[in-house]
Ligand code: HOZ
């Protein structure tokens, strides 16, 4: 397999783009290789600029739940584009998508569309602060809510991958208002939220962590979080940028039956185009300008192409048994991979829920950021390169999830299982 075209492009990109990439994890540094440049994708297959084909388990980091270049989504985007691509004015499509989101997501009575998950989460905390008149944001170690200043404290995703504890350029005055505590630990949670010296506006969490690898919280923990925040008048924000329309049509909140005050969305609702959203209780959402004083705006927000792609995607997800089929297929695959891990001569923990999964190279149960950080990232790098050599495209970081889509066939999932077994053996022999 040659990757000479990707190598050439990476050299060209590095001249004019920092690190040669437009998002740090893509640079593949933690897995010890250079990035592939992608030419096209179809279904569950991506093709690089050298013509190599891979079974894709990145899925653009989540949006591609129906598979790449789904004909109905592509047709919708083409047709919509013929009428113009941006007006900076209201369009009928944004009402349709808003109605669909309100109908789907239990906590959402009103929704505002933005262009990314980062925009959605940074606005959600501004709104929570404006609504409560309080300042402190409580987040969880290893959760990642995009790259806004307030969230770059003990964050997951690229910061965990690259070992960056915070970021220069974020004033101390801002992060002093962020409190990061251990995920999945009820005692720490209760002690923090009941501390009257704190001025807590909101708690934001990923209801299934997807940016320190896949970590599933205890259902009782989520219940406790909901009851405490309700009792103490703290706004509860579920960051469902990954889990929204992924675990179930109504997201993790439908899956677990726990309803937050605000929800942030992204990825799937844009059908592969750049969309984020935040929504929630009417009384809180009515604080947003122009109805209320909390400001948020955007020229491309509610962009007609992105709205149309989102609508087309949600229509596919509404098909009968869509989630049952996807979650059953992914669940079986995770079970088989778990057995592969048990048979392996190396320590591996397989965490999974719905169509999300992560194999952690550690002997410890992975339940929070500290246990995730016990994973052997050198081994993950080795595994990543092994799998890539066999035509399997995984996330280039131990601290991300693998996404299974409706487009993955049973043959492709069997190949994943077979190559995983082969890779674990190779790693054990090293
Ligand atoms: N964990 C990130 C998405 N949730 C990875 C994508 C990126 O940062 O580019």
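What follows is calculated from the coordinates using simple rules that are stated; it is not laboratory data. A quick note: this is a predicted structure, and the numbers were derived from the prediction, not measured. No Cβ is skipped: glycine too gets one built from the backbone with ideal geometry, and neighbour counts run over all protein chains shown.
Just the residues that are in a helix (DSSP H, G or I), on the phi < 0 side of the Ramachandran plot and surrounded by 16 or more Cβ atoms within 10 Å (Cβ to Cβ), please, taken from segment 8-36.
Taking segment 8-36 first, the residues in a helix (DSSP H, G or I) are 8-16, 18-20, 24-27, 29-31.
Among the residues that remain, those that are also on the phi < 0 side of the Ramachandran plot are: 8-16, 18, 24-27, 29-31.
Within segment 8-36, 9, 10, 13, 24, 25, 26, 27, 29, 30, 31 meet the criteria.
Quick grid of which residues meet (1) more than 23 Å from the chain's Cα centre (by Cα); (2) within 16 Å of the ligand (Cβ to nearest atom):
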site: 2; (1), (2): yes, no
site: 25; (1), (2): no, yes
site: 52; (1), (2): yes, no
site: 112; (1), (2): no, no
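In segment 115-143, what residues are touching a helix residue (DSSP H, G or I) at 6+ places or on another chain (Cβ under 7 Å), over 22 Å from residue 259 (Cβ atoms) and crowded, with 24+ Cβ neighbours inside 10 Å?
Answer for segment 115-143, where residues must be touching a helix residue (DSSP H, G or I) at 6+ places or on another chain (Cβ under 7 Å), over 22 Å from residue 259 (Cβ atoms) and crowded, with 24+ Cβ neighbours inside 10 Å: just 142.
Output the residues belonging to segment 345-372 that are in contact with a helix residue (DSSP H, G or I) (Cβ under 9 Å, 6 or more places away or on another chain) and either part of a helix (DSSP H, G or I) or more than 25 Å from residue 409 (Cβ to Cβ) (or both).
Going through segment 345-372, the residues in contact with a helix residue (DSSP H, G or I) (Cβ under 9 Å, 6 or more places away or on another chain) turn out to be 345-362, 364-366, 369, 372.
Those that are in contact with a helix residue (DSSP H, G or I) (Cβ under 9 Å, 6 or more places away or on another chain) and either part of a helix (DSSP H, G or I) or more than 25 Å from residue 409 (Cβ to Cβ) (or both): 345, 346, 347, 349, 360, 361, 362, 364, 365, 366, 369, 372.
Does residue 60 count as within 14 Å of the ligand (Cβ to nearest atom), in contact with a helix residue (DSSP H, G or I) (Cβ under 7 Å, 6 or more places away or on another chain) and part of a helix (DSSP H, G or I)? Lay out the reasoning, then the answer.
On the way: within 14 Å of the ligand (Cβ to nearest atom): yes; in contact with a helix residue (DSSP H, G or I) (Cβ under 7 Å, 6 or more places away or on another chain): no; part of a helix (DSSP H, G or I): yes.
It is false that residue 60 is within 14 Å of the ligand (Cβ to nearest atom), in contact with a helix residue (DSSP H, G or I) (Cβ under 7 Å, 6 or more places away or on another chain) and part of a helix (DSSP H, G or I).
Taking the stated definitions as given, is residue 310 touching a strand residue (DSSP E or B) at 6+ places or on another chain (Cβ under 9 Å) and closer than 25 Å to residue 64 by Cα?
Working: touching a strand residue (DSSP E or B) at 6+ places or on another chain (Cβ under 9 Å): yes; closer than 25 Å to residue 64 by Cα: yes.
Judged against the criteria, residue 310 is a match.
Taking residue 47 and the conditions (1) farther than 30 Å from residue 297 by Cβ; (2) within 14 Å of the ligand (Cβ to nearest atom), which numbered condition does it fall short on, given that it satisfies the others?
(2)
Please give the number of the condition residue 391 fails out of (1) buried (at least 20 other Cβ atoms within 10 Å of the Cβ); (2) touching a strand residue (DSSP E or B) at 6+ places or on another chain (Cβ under 7 Å).
Status for residue 391: all satisfied but (1).
Name the strands (runs of 3 or more DSSP E) wholly inside segment 157-256 in which the number of residues that are within 16 Å of the ligand (Cβ to nearest atom), touching a residue at least 60 places away in the same chain (Cβ under 8 Å) and buried (at least 20 other Cβ atoms within 10 Å of the Cβ) is 1 or more. Even if it seems obvious, please write down each step before you answer.
Working: elements: 178-181, 200-205, 235-239.
Qualifying strands (runs of 3 or more DSSP E): 200-205, 235-239.
Keeping to segment 381-430, report how many residues are farther than 24 Å from residue 145 by Cα and touching a residue at least 40 places away in the same chain (Cβ under 8 Å). Walk me through how you get there before you give the answer.
The first filter runs over segment 381-430 and keeps only residues farther than 24 Å from residue 145 by Cα, leaving 381-393, 406-430.
Narrowing the set further to residues that are touching a residue at least 40 places away in the same chain (Cβ under 8 Å) leaves 381-386, 388-389, 391-393, 406-410, 412-413, 415-417, 420-421, 423-428, 430.
Qualifying residue count for the region: 30.
If we keep just the residues of segment 405-430 that are under 27 Å from the mean Cα position of the chain (by Cα) and not in a helix (DSSP H, G or I), which is surrounded by the fewest Cβ atoms within 10 Å (Cβ to Cβ)?
The first filter runs over segment 405-430 and keeps only residues under 27 Å from the mean Cα position of the chain (by Cα), leaving 405-421, 423-424.
Subset that is not in a helix (DSSP H, G or I): 405-409.
Numbers: 405: 22, 406: 21, 407: 20, 408: 25, 409: 12.
Residue satisfying both the conditions and the ranking: 409.
So which residues in segment 282-317 are surrounded by 18 or more Cβ atoms within 10 Å (Cβ to Cβ) and out of contact with any helix residue (DSSP H, G or I) (no Cβ under 7 Å at 6 or more places or on another chain)?
Matches in segment 282-317: 285, 301, 303, 317.
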